[in-house]
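Peer 1: I have a structure here, written as structure tokens, and I will follow up with some questions on it.
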Amino acid sequence: MNPVKFLLSDEALPTQWYNLQADLPEALPPVLHPGTKEPITPDDLAPLFAQALIEQEVSTERWIDIPEPVREILLQWRCTPLYRARRLEKALDTPAKIYYKWEGTSPSGSHKPNTAVPQAYYNRAEGIRKISTETGAGQWGSSLAMACSVFGLECLVYMVKVSYNQKPYRRALMETFGATCIASPSDTTESGRRILKDDPDCTGSLGIAISEAVEIAAKNEDTRYCLGSVLNHVLLHQTVIGLECQKQMEMADDYPDVIVGCTGGGSNYAGICFPFLGEKLRGGRGVRLLAVEPAACPTLTKGPLAYDFGDTAHLTPLVKMHTLGSGFVPAGFHSGGLRYHGMAPLVSHVLDLGLSEARAINQLECFASGVTFAKAEGIIPAPEATHAIAGAIQEANRCKEEGRTETILFNLCGHGHFDMQAYIDYHAGKLRDYDYPQEEIAMALAGLPKV
Ligand SMILES: *Cc1c(COP(=O)(O)O)cnc(C)c1O
């Protein structure tokens, strides 16, 4: 067997997703209605989401069937490879064994199609004609646009304005797949017009773009909203990553001591970690889970665990999560996909229960780690993914100091082919580190809704 590349056959693609909610020692806190502050009902969500997705959102079934038409499409690029990073290990001179799961082989180059495909499928199956969504740097928008084109759905994407202007390539991907892409804030929604009235030059944020997309779904009978991260059903769909990894680690005759992932909204991290965590909670082997986030958007490490809105205009239900406040507008650093003010309730809960760790790392260290990785392994990582690499390298260096032969597994969640401007800026010395100021965090705390 190839000692560095672990490939699974098509038959090994999971037939069911794994739902961590079945094995949690303590149930998730309820999602609250923004008006009444009472737990919401599935009916409250019906105007926004497909019924099947609402059911998955609240399900406590351990295993949920993946529909066959979804598996057929996932098979185009799944199962994805697991690699042993022998050359990186050598470059680091570490006794640790490092493995990475490579999710950059999907049509849009990241893990996001794993959930875009089932979300489009369920909406189509329920007779919905049009999907609205938001996107930051464009990874989610391009993934959903691809899935919508496969299932014959119209796709409307609100793209954060600064990215819309600075990152035309993923916008071109979306338009190639037939989606309509609008710079947010826009004058096409009430939420957008309100923001533009106060600040005509507003460059946008994910929170604002979510408000616009949610408003469109709420106001149109034939339209539903899709979200690319954060929600339970999104994390569920991403568990194909970890389920495959479990089989691949077995092929490698190894088991991770620590699993590392980057966290924006938490979906790729949950996707690789939760199947292993479930095994641990059911009495299996111990494993450490390490979430790495940017120091400039330190949701898990500095944001309080509190009920907050998912969007800026306060149209969404209240969810209990680590948050920097729904008014958060991040500093201009490059990891577009890691700039959301909140974090998946499940990832927040797991941290709160002491089942996961979190660490914030500055972007210069992340890019340096990404370049070290690229030179050794020949793959250009997405700027988001460099956070997972930086975390894995810190762990490998710790193993070296302690003289321990641990096994490190990390999720290489996407390639950086459309993010080369960030690398150009890094090489030119134009990037700087930015710590999210303590005063801003205090302000965010003060602005949280009273529950
Ligand atoms: C969207 C994205 C992320 C952040 O989202 P998560 O839900 O935290 O996974 C990270 N990496 C890449 C490549 C992305 O496209």
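The values are calculated or read from the model by the stated rules, or taken from the named source; none is laboratory data. Predicted, not measured: the structure shown is a model, and the values here were computed from it. Every residue, glycine as well, gets a Cβ built from its backbone with ideal geometry; the counts of neighbours run over all protein chains shown. The accessibility values were calculated without ligands, DNA or RNA, using every heavy atom of the protein model including side chains. Shrake-Rupley method; radii C 1.70, N 1.55, O 1.52, S 1.80 Å.
Peer 1: Of all residues in the range 252-276, how many are within 16 Å of the ligand (Cβ to nearest atom) and either among the hydrophobic types (A, V, I, L, M, F, W, C) or touching a Phe, Trp or Tyr at 6+ places or on another chain (Cβ under 8 Å) (or both)?
Peer 2: 12
So that you can scan it fast, the table gives a plain yes or no per residue for (1) assigned to a loop (DSSP other than H, G, I, E, B); (2) in contact with a Cys (Cβ under 9 Å, 6 or more places away or on another chain); (3) surrounded by fewer than 17 Cβ atoms within 10 Å (Cβ to Cβ); (4) among the charged types (D, E, K, R):
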| residue | (1), (2), (3), (4) |
| --- | --- |
| GLU26 | yes, no, yes, yes |
| PRO30 | yes, no, yes, no |
| ASP44 | no, no, no, yes |
| PRO47 | yes, no, yes, no |
| LEU53 | no, yes, no, no |
| GLU72 | no, no, yes, yes |
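Peer 1: Take the range 355-385 and flag every residue that is within 13 Å of the ligand (Cβ to nearest atom) and under 24 Å from GLY204 (Cβ atoms).
Peer 2: Result: CYS366, ALA382, PRO383, GLU384, ALA385.
Peer 1: Quick one: LYS37 ticks every box in (1) in contact with a helix residue (DSSP H, G or I) (Cβ under 9 Å, 6 or more places away or on another chain); (2) part of a loop (DSSP other than H, G, I, E, B) except a single one, so which number is it?
Peer 2: Going through the list (1) in contact with a helix residue (DSSP H, G or I) (Cβ under 9 Å, 6 or more places away or on another chain); (2) part of a loop (DSSP other than H, G, I, E, B), LYS37 breaks only (1).
Peer 1: Name the helices (runs of 4 or more DSSP H) wholly within the range 120-226 that hold at least 3 residues that are within 16 Å of the ligand (Cβ to nearest atom) and open to solvent by less than 10 Å² (accessible area, probe 1.4 Å)?
Peer 2: 139-151, 206-219
Peer 1: Now a separate question. So how many residues does the range 227-268 have that are open to solvent by 10 Å² or more (accessible area, probe 1.4 Å), of a type in the set (A, V, I, L, M, F, W, C) and more than 25 Å from LEU53 (Cβ to Cβ)?
Peer 2: 2
Peer 1: Looking only at the range 269-286, count every residue that is open to solvent by 10 Å² or more (accessible area, probe 1.4 Å) and either assigned to a helix (DSSP H, G or I) or among the aliphatic types (A, V, I, L, M) (or both) and tell me the total.
Peer 2: 3
Peer 1: Right, another one. For the range 406-447, what are the residues that are at pLDDT below 90 and hydrophobic (A, V, I, L, M, F, W, C)?
Peer 2: ILE441, ALA442, MET443, ALA444, LEU445, ALA446
Peer 1: Scan ILE389, ILE379 and give me the residue that is assigned to a helix (DSSP H, G or I) and either open to solvent by 20 Å² or more (accessible area, probe 1.4 Å) or of a type in the set (Val, Ile, Thr) (or both).
Peer 2: Sole residue among the options that is assigned to a helix (DSSP H, G or I) and either open to solvent by 20 Å² or more (accessible area, probe 1.4 Å) or of a type in the set (Val, Ile, Thr) (or both): ILE389.
Peer 1: Tell me yes or no: at least one residue of the range 300-316 is within 14 Å of the ligand (Cβ to nearest atom) and either open to solvent by 30 Å² or more (accessible area, probe 1.4 Å) or part of a loop (DSSP other than H, G, I, E, B) (or both).
Peer 2: For the range 300-316, residues within 14 Å of the ligand (Cβ to nearest atom) and either open to solvent by 30 Å² or more (accessible area, probe 1.4 Å) or part of a loop (DSSP other than H, G, I, E, B) (or both): present.
Peer 1: Of a type outside the set (A, V, I, L, M, F, W, C) and either touching a Lys or Arg at 6+ places or on another chain (Cβ under 6 Å) or more than 26 Å from VAL214 (Cβ to Cβ) (or both): which single residue out of GLY286, GLY327 fits that description?
Peer 2: Being of a type outside the set (A, V, I, L, M, F, W, C) and either touching a Lys or Arg at 6+ places or on another chain (Cβ under 6 Å) or more than 26 Å from VAL214 (Cβ to Cβ) (or both) holds for just one of GLY286, GLY327, which is GLY286.
Peer 1: Across the range 337-354, which residue is nearest to ASN268 (Cα to Cα) among those that are open to solvent by 30 Å² or more (accessible area, probe 1.4 Å) and away from the ligand (no atom under 12 Å from the Cβ)?
Peer 2: Ranking the qualifying residues of the range 337-354, first place goes to LEU351.
Peer 1: Give the residue, chosen from LYS400, LYS450, LYS430, that is basic (Lys, Arg) and in contact (Cβ under 8 Å) with a residue 12 or more places away in the chain.
Peer 2: LYS400
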